[in-house]
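The values are calculated or read from the model by the stated rules, or taken from the named source; none is laboratory data. The shown structure was predicted, so the numbers you read here are calculated from the model rather than taken from an experiment. We place every Cβ from the backbone using ideal geometry, glycine too, and count neighbours over all the protein chains shown. When the accessible area is computed, the model is the full protein with side chains, heavy atoms only, and any ligands, DNA or RNA have been set aside. Shrake-Rupley method; radii C 1.70, N 1.55, O 1.52, S 1.80 Å.
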Amino acid sequence: MELPAILREENVEVAAKLLKRYYLEPSTKTGLLSTGSYFDEWANRGDGPDVRDRITDSDAVAVTMLSVKVPAQAIIGLQEQPLATRIEKLLAEIPTDVKMSRLTTEEAQGRLGKGSPAWLLWQELRRTPKTRWDVGATIASKILARKRPHLIPIWDKVIGAVVGKDTAKDQWLNWHNLFMEDPDLAGRLTRIHQLSTVPTPISELRIMDAILWRYGKDKGITGGRSSASGITG
């Protein structure tokens, strides 16, 4: 996976404007802020000390602000025993204060690779037969990004099209590789956040997500294989 051009050094100011539009500028059609701008801090966030290891109703509401709906059966199932206890144990093994950008390759494999608590939790959310509650990769990524915004990125078809990926397969380690290949990326994202004047405390991964989604939508991308060539140049 190649770093999209909009996240490169020469486009810092343009990226900051996209981030500002996402969080601070009302829609010209409705006069309202994007619902996505409320996702991070809705109900005092999803990674606060009192809720960090539970998937709550507030998390489900927050996810709907990103234009998807968590199926009612999934909301019920994720909070019923014995699954709720298993989810709590897995979340407890995933830190809230560790950033993807600061992991070594070995640490990333342990935190995000196959068999890791995050990987196992992803499997629980998406469990078959026939994706138990109709929770696809997009919904699962948004739930996990709500619970661990510094470690788990959001994935949807717009993001996938911008980075040239059809599926969410290996996305976590792919993103980590980009941080390893570009040691200045994390600092650049911080500068973009500062330039945007967005007061909301948001993670590096969420900064990338908001920029890439806004960029992709401006380019008319809706996702899917027809646009999977990516926008990297």
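Apart from one condition, residue 85 fits all of (1) in contact with a helix residue (DSSP H, G or I) (Cβ under 6 Å, 6 or more places away or on another chain); (2) surrounded by fewer than 18 Cβ atoms within 10 Å (Cβ to Cβ); the exception is (1). Can you tell me how many residues in the stretch 68-117 are among the polar types (S, T, N, Q) and under 14 Å from residue 143 (Cβ atoms)? Count: 1.
Can you tell which of 52, 86, 111, 127 is assigned to a loop (DSSP other than H, G, I, E, B) and without any contact (Cβ under 8 Å) to a residue 60 or more places away in the chain?
127 is the lone residue from the list that is assigned to a loop (DSSP other than H, G, I, E, B) and without any contact (Cβ under 8 Å) to a residue 60 or more places away in the chain.
Pick out the one residue from 62, 108, 118, 74 that is farther than 26 Å from residue 208 by Cα and open to solvent by less than 20 Å² (accessible area, probe 1.4 Å). Within the list 62, 108, 118, 74, the selection yields 74. Of all the criteria given as (1) over 18 Å from residue 152 (Cα atoms); (2) at pLDDT 95 or above, the one not satisfied by residue 29 is (2). Within the stretch 162-213, the set of residues being under 17 Å from residue 34 (Cβ atoms) and either among the hydrophobic types (A, V, I, L, M, F, W, C) or surrounded by 20 or more Cβ atoms within 10 Å (Cβ to Cβ) (or both) comprises 193, 196, 198, 202, 206, 207, 208, 209, 210, 211, 212, 213. Taken as a whole, the structure places residue 137 among residues that are among the aliphatic types (A, V, I, L, M), within 23 Å of residue 57 (Cβ to Cβ), modelled with pLDDT under 95 and in contact with a Ser or Thr (Cβ under 9 Å, 6 or more places away or on another chain).
Taking the criterion of being assigned to a helix (DSSP H, G or I) and either surrounded by fewer than 18 Cβ atoms within 10 Å (Cβ to Cβ) or of a type outside the set (Gly, Ala, Ser) (or both), the residues of the stretch 23-36 that qualify are 23, 24, 35. The residues listed here are 176, 150; of these, the one that is modelled with pLDDT of 95 or more and part of a loop (DSSP other than H, G, I, E, B) is 150.
No other residue among 90, 125 is at pLDDT 95 or above and buried (at least 18 other Cβ atoms within 10 Å of the Cβ) apart from 90.
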